[in-house]
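Note sheet for the following structure.
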Amino acid sequence: MPTREIVVYDDPTLRKKSRRVKNVSDDVQRLIDDMVETMHEANGIGLAAIQVGVPQRVIIVQLPEADEDEPDPNAGRLFAVINPQLARRSRETEEGIEGCLSIPGLVGEVERCCAVTVKGLDRRGKRVRVKAQDLLARVFQHEIDHCDGVLFIDHIDDPEKLYPVTAGEEEAAEAAQEMPIAQVAPGKSAM
């Protein structure tokens, strides 16, 4: 499984809306395998096909392994979703730190729904629904945004909510939540 080059922020490809996958072919399987390898090599927790220059609605998500103090049943589990859609969103939102493999050197505070239900197809072409909360919900929303040509920085209207980090350390900053986080009152509508 070869790794692919990750497209960075100044490439107009990232702003294109990705096409629906009509047939879960061997090419789509290879794409998913390559995306997994690419994400692991880049120390990421999510990747959309458009980030490797393929304008198809395919995403992968894999949270880090759980630590002993805070077990998470989804930690370490790999999700590959074809034609992902947000079927449900919680009204409750919160701000959290996000980074992006396509925007090295920056993280920012982004408001997202606390819980979502994602529907689509799994890598075998079977329908799948994933109920996600907290970090998993955030990553799914981030990756689905990529399918629509939206970057996390598009959700930030205050430049003071963007922070420089050492390139390659974005995911560590997200996981550690090193930046100050403001909680958003429950009941606020999703974006």
- Does any residue of segment 12-32 turn out to be in contact with a helix residue (DSSP H, G or I) (Cβ under 8 Å, 6 or more places away or on another chain), modelled with pLDDT under 95 and not in a strand (DSSP E or B)? no
- Would it be correct to say that GLU65 is over 16 Å from the mean Cα position of the chain (by Cα), at pLDDT below 95, acidic (Asp, Glu) and closer than 22 Å to MET1 by Cβ? yes
- Note on the structure: Here the residues within segment 137-159 that are β-branched (Val, Ile, Thr) and either in contact with a Leu (Cβ under 8 Å, 6 or more places away or on another chain) or closer than 16 Å to GLU109 by Cβ (or both) are VAL139, ILE144, ILE153, ILE156
- Item | Test result for ILE50, in contact with a Pro (Cβ under 8 Å, 6 or more places away or on another chain), under 24 Å from LYS131 (Cα atoms) and surrounded by 15 or more Cβ atoms within 10 Å (Cβ to Cβ) | no
- Item | Qualifying positions in segment 33-65 - assigned to a loop (DSSP other than H, G, I, E, B) and closer than 21 Å to GLN141 by Cβ | ALA42, ASN43, GLY44, ILE45, VAL54, PRO55, ARG57, LEU63, PRO64
- Message: I'd like the full set of residues that are in contact (Cβ under 8 Å) with a residue 24 or more places away in the chain and either part of a loop (DSSP other than H, G, I, E, B) or more than 15 Å from the chain's Cα centre (by Cα) (or both), limited to segment 77-94.
- Response: ALA87, ARG88, ARG89, SER90, ARG91, GLU92, THR93, GLU94
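The values are calculated or read from the model by the stated rules, or taken from the named source; none is laboratory data. These numbers come from a predicted model, not from an experiment. Neighbour counts are summed over all protein chains in view; Cβ atoms, including those assigned to glycine, are modelled from backbone coordinates with ideal geometry.
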